[in-house]
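To keep things clear, I will list the structure first and then write my remarks on it.
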Amino acid sequence: MDKSLKVNIQKKLKEFDLKVDFELKRGCLGILGPSGCGKSMTLKSVAGIVNPDKGIISLKTNEETTYFDSDNKINLKPQKRNVGYLFQNYALFPNMTVEENVACGLSKGSDEKRVSEMIRRFHLEGLEKRYPRQLSGGQQQRVALARILAYGPDVILLDEPFSAMDAFLKEQLRLELVRMLDDFDGFSILVTHDRDEVFQFCDDLIILDKGKVIAQGPTHEVFENPGKVQVARLTGCKNISRVEIIDDYHVKSIDWGVEFEVSEKISSGITHIGIRAHDFSAAGKDEVNVFGTNDSSKLEKPFEWEITLANGLWWKVDKKIHEHDFVIPEYLKVDPENIILLEE
Amino acid sequence: MMDWSPIFISMKTASVSILITFFVGLIVAWGIVKMKNDTIKIVLDGIFTLPIVLPPTVVGFFLLYIFGVRGPIGSFFIDFFAFKIAFSWPATVIAAVVMSFPLMYRSSRGAFEQVDSNLLDAGRTLGMSEWKIFWKILFANALPGIISGGILAYARGLGEFGATAMLAGNIADQTRTLPMAVYSEVAAGNMGDAFNYVIFIVIIAFIAIFIMDFVSLRKEKQWK
């Protein structure tokens with residue numbers, strides 16, 4: 001039988017109505033969205049910590065379990081859902097040692113072997129008797145994961161696990177988490193506002209905005225063809241402009257005052273175009289999609305130049321750490337296939 | 001010769017009343033924290049807190065109204081158990097419980113509210129029963145606050161005077177607690193005996209506060 005996690009729920013929230021509908025058939029699903037878009041609420045609904053107003057949540061593994069079904073008045077307690085939830089602050093019990101934290105989801109004496117196995121697997125040897133506050137951020141994350149996996153969940157829910165960390169720790173922990181999740185053969189859902197995280201972790205992606213799903217599909221496809229302005233913005237497209245359509249293959253950008261040729265036929269719904277900041281290159285004056293770079297300013301970063309053109313366009317160029325000079329070319333161009341057509 | 005009975009009566013009253021106050025206060029605080037309806041919550045919170053704001057004699061007046069011979073509970077006890085609550089030893093316990101309850105209730109409520117609700121949800125998703133979550137997570141993490149509430153309530157019960165005087169009176173060997181004895185001795189002009197009782201109360205109160213600080217400090221240090 002095919003495994004799947006089906007979620008189709010609605011919930012009235014203060015500022016908007018949450019309405020999500022997806023079916024997960026493999027690996028890790030990312031839910032990307034700005035803060036307060038309803039993504040945490042979705043995760044909490046799956047865990048049973050909050051109750052949706054309407055809908056169905058069901059998991060099919062070897063057998064089918066209905067977590068929630070408003071029509072049939074089914075609402076399984078979180079205790080019965082067999083779901084692991086990794087909280088943003090890890091929610092380790094401060095009054096319990098590492099060992100006790102890992103063991104707390106297991107029934108009494110079920111086996112001490114399982115605890116010691118988890119301690120070993122997550123490299124926590126020697127820390128068994130410590131309290132969470134005596135651990136580093138990375139160790140805390142490992143304890144939280146050990147606690148979840150000791151419990152043997154069918155689904156792991158990750159609620160913005162890296163949002164409160166400094167950049168260095170973040171990168172380390174991401175790598176660790178990727179490795180741990182590779183060994184896990186159930187479903188996982190990662191909620192975040194960081195596009196790098198979903199790109200790294202998730203096979204499939206949902207983009208949520210004000211409680212509505214505005215894009216859905218395999219992660220790479222959503223990034224390559226965002227389709228909508230808001231999706232383009234959330235997947236990291238720096239340059240977005242309103243456009244006037246000139247003909248089937250030409251648009252005039254209103255914000256930048258430049259005309260562009262595109263490679264795809266423009267349909268009537270197109271209102272904006274997007275250009276990723278890395279997609280510009282130096283050009284001769286007479287090429288396609290060329291514009292001048294008068295009055296632009298540059299900003300040096302360790303591995304990147306950030307150039308802001310007078311008309312507001314952003315250009316990013318990779319550089320080496322020891323290079324400190326950069327001459328902005330007189331003209332820049334964008335390949336027609338790199339212009340992303342967007343709908344409002 | 002000093003009369004030791006007020007000391008025994010006070011210790012007995014304070015010990016029995018703290019047992020009741022501690023558990024009832026804890027459960028009521030938990031109920032209020034979990035309550036979703038804000039209006040009911042505010043009204044109930046007001047009622048439970050009232051005894052520390054009202055003059056003790058006013059609380060005693062209400063208690064007499066309820067537990068007195070003609071009061072609803074008082075007359076019930078007379079009819080069914082042939083027992084008169086007012087001016088009996090249990091009346092000192094009732095007065096102490098009612099007067100010390102707000103301290104226990106407010107401290108534990110505050111301590112519960114300080115516990116990160118994610119911890120409780122984490123317990124739930126890990127399959128822990130609500131009972132286990134209450135004791136092992138909520139209670140354990142709120143313990144320093146709960147202990148200080150309990151000890152303040154104990155000290156308050158030990159020192160109860162006004163409401164006790166109204167409901168239990170000042171009967172030697174029966175309802176004369178330490179604070180009552182101090183008052184009676186001073187009124188009779190026996191400053192020496194009053195002084196002995198006073199010393200006793202001060203020592204107990206000081207020990208109580210010492211234990212409170214010691215326990216909460218130790219708990220916090222252990223986790224850090």
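Here are a few things to note about the model shown:
- Condition met for A:I275 (among the aliphatic types (A, V, I, L, M), surrounded by 14 or more Cβ atoms within 10 Å (Cβ to Cβ), more than 18 Å from A:T235 (Cα to Cα) and touching a strand residue (DSSP E or B) at 6+ places or on another chain (Cβ under 6 Å)): no
Results for (1) over 21 Å from the mean Cα position of the chain (by Cα); (2) within 14 Å of chain A (Cβ to nearest Cβ); (3) surrounded by fewer than 22 Cβ atoms within 10 Å (Cβ to Cβ); (4) in contact (Cβ under 8 Å) with a residue 24 or more places away in the chain, shown as yes or no for each residue.
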{"position": "B:F67", "(1), (2), (3), (4)": "no, no, no, yes"}
{"position": "B:A95", "(1), (2), (3), (4)": "no, no, no, yes"}
{"position": "B:R106", "(1), (2), (3), (4)": "no, no, yes, yes"}
{"position": "B:I133", "(1), (2), (3), (4)": "yes, yes, yes, no"}
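- Summed over the range A:97-124, residues that are of a type outside the set (K, R), assigned to a helix (DSSP H, G or I), closer than 21 Å to A:F184 by Cβ and more than 14 Å from chain B (Cβ to nearest Cβ) total 3.
- The residue that is farthest from A:L177 (Cα to Cα), counting only those in the range A:1-30 that are at pLDDT below 90 and among the basic types (K, R), is A:K14.
- Among residues of the range A:66-96 being part of a strand (DSSP E or B) and away from every other protein chain (no Cβ under 14 Å), the one that is surrounded by the most Cβ atoms within 10 Å (Cβ to Cβ) is A:F68.
- Check on A:E63, surrounded by fewer than 19 Cβ atoms within 10 Å (Cβ to Cβ) and either within 22 Å of B:L119 (Cβ to Cβ) or over 29 Å from the mean Cα position of the chain (by Cα) (or both): yes
- Residue check for A:L127: within 12 Å of chain B (Cβ to nearest Cβ), out of contact with any Cys (no Cβ under 6 Å at 6 or more places or on another chain), surrounded by 14 or more Cβ atoms within 10 Å (Cβ to Cβ) and not in a helix (DSSP H, G or I): no
- If you check B:F112, B:F87 for being touching a Leu at 6+ places or on another chain (Cβ under 9 Å), buried (at least 16 other Cβ atoms within 10 Å of the Cβ) and closer than 23 Å to B:E160 by Cα, only one passes: B:F87.
- Taking the listed residues B:A181, B:A122, the one that is buried (at least 19 other Cβ atoms within 10 Å of the Cβ) and within 14 Å of another protein chain (Cβ to nearest Cβ) is B:A122, with no other qualifying.
- Of all residues in the range A:23-49, those satisfying the criterion of being out of contact with any His (no Cβ under 9 Å at 6 or more places or on another chain), crowded, with 19+ Cβ neighbours inside 10 Å and not β-branched (V, I, T) are A:L24, A:C28, A:L29, A:G30, A:G38, A:S40, A:M41, A:L43, A:K44, A:S45, A:A47, A:G48.
- Condition check for A:L145: closer than 14 Å to B:A122 by Cα and either loosely packed, with under 14 Cβ neighbours inside 10 Å or modelled with pLDDT under 90 (or both): yes
- Of all residues in the range A:121-155 being among the polar types (S, T, N, Q) and touching a Pro at 6+ places or on another chain (Cβ under 8 Å), the one that is farthest from A:V98 (Cα to Cα): A:Q141
- Identity of the residue in the range A:139-184, aromatic (F, W, Y) and part of a loop (DSSP other than H, G, I, E, B), that ends up nearest to the other protein chains (Cβ to nearest Cβ): A:Y151
The values are calculated or read from the model by the stated rules, or taken from the named source; none is laboratory data. Here the structure is a predicted model, which means the values were calculated and not measured. Because the Cβ atoms are built from the backbone with ideal geometry, glycine has one as well, and the counts that use them run over all protein chains shown.
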